[in-house]
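Chemist: Below you'll find the structure I mean.
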Amino acid sequence: MAEPAYTISENPYVGAQRLHARFKPCYLRPFLWAASLAGVLMPGPGLYYRHYWLAPAGLAYAMLPWATFRCITRPMARRAYRRYPAMQQSQTMAVQEDMLRMQSSVGETRLPWNLIIQGAEDAEFLLIYLQPRLFLAIARQAGAEATVRAPLREQLLRHGGLARN
C-alpha cells in the first residue's frame, strides 16, 4: 500500500489546534454564546445606571473566547511545535487492517485501532484522538491519494467515529 509523506509546519499546526478547540462539549457551546451575548449587552444597563466601567468590562468579557485563543492557545501551540523537533520531521503514514502505522526519521508509531477513541476533520487536517485532549494531526495532503484516505476514514468510522461535534 502507498505510504504518502507529509510535513506539518508551524502555522498549519496552529490550525490543527484551532480545529481541536472548535470541538467543545455540547453543553459548553450555548454557555459560551450566552456569555458573549451577556458581555455585549452589559454596556446598556451600565450606561443607564451610570456605571460607566461596565461598558469596557462588558466588551472585554464578550471578546474573552476570541482573546483566549489569540493570547493563550495560539502561543502555546507555537511553543509546543518549536519545542518538539519530532513534530517538524517528515512523516509517512500507512493504513493497515489492524493498525495505523506512522513513521519518521526519529521513530515509528504502531497504533492499534482499538486505542483510537475518535477523529475529526476539516479541509486541512484529520485529527486522530487517543485521549479526549491528546491527538495526532495528519495533514490532508498526506491523504490526497484515495488509496490511503478512503481506508483511513473507513477504519476511523468503524472503530472510533469521525463526527466529534
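The values are calculated or read from the model by the stated rules, or taken from the named source; none is laboratory data. Note that the coordinates shown come from a computational prediction; the quantities given were computed from them, not determined experimentally. Because the Cβ atoms are built from the backbone with ideal geometry, glycine has one as well, and the counts that use them run over all protein chains shown. Side chains are part of the model used for accessible areas, which takes the heavy atoms of the whole protein and leaves out ligands, DNA and RNA. Shrake-Rupley method; radii C 1.70, N 1.55, O 1.52, S 1.80 Å.
Chemist: Could you list, in sequence order, all residues of segment 109-137 that are open to solvent by 50 Å² or more (accessible area, probe 1.4 Å) and assigned to a loop (DSSP other than H, G, I, E, B)?
Modeler: Listed by number, the residues that qualify are Ile117, Ala123, Glu124, Pro132, Arg133.
Chemist: Restricting attention to segment 40-55, report how many residues are touching a residue at least 12 places away in the same chain (Cβ under 8 Å) and loosely packed, with under 13 Cβ neighbours inside 10 Å.
Modeler: 1
Chemist: On to the next question. Against the definition (under 16 Å from Ala137 (Cα atoms) and out of contact with any Leu (no Cβ under 8 Å at 6 or more places or on another chain)), how does Glu108 come out, yes or no?
Modeler: Yes, satisfied.
Chemist: Still on this structure, please answer the following. Output the residue which, of all residues in segment 8-39 that are of a type in the set (Ser, Thr, Tyr) and open to solvent by less than 40 Å² (accessible area, probe 1.4 Å), is farthest from Met76 (Cα to Cα).
Modeler: Ser36
Chemist: If Ala62 meets every condition in (1) open to solvent by less than 30 Å² (accessible area, probe 1.4 Å); (2) free of Cβ contacts under 8 Å to residues at least 24 places away in the same chain apart from one, which number is that one?
Modeler: The number of the failed condition is (2).
Chemist: Now for a different question. Go through (1) basic (Lys, Arg); (2) touching a strand residue (DSSP E or B) at 6+ places or on another chain (Cβ under 9 Å); (3) open to solvent by less than 80 Å² (accessible area, probe 1.4 Å) one by one and return the number of the condition Arg74 breaks.
Modeler: Only one criterion is unmet by Arg74, namely (2).
Chemist: Do we have any residue at all in segment 83-94 that's in a strand (DSSP E or B) and under 27 Å from Pro25 (Cβ atoms)? Explain how you work it out, then say what you get.
Modeler: The first filter runs over segment 83-94 and keeps only residues in a strand (DSSP E or B), leaving 91-94.
Then drop every residue that is not under 27 Å from Pro25 (Cβ atoms), which leaves none.
No, segment 83-94 has no match at all.
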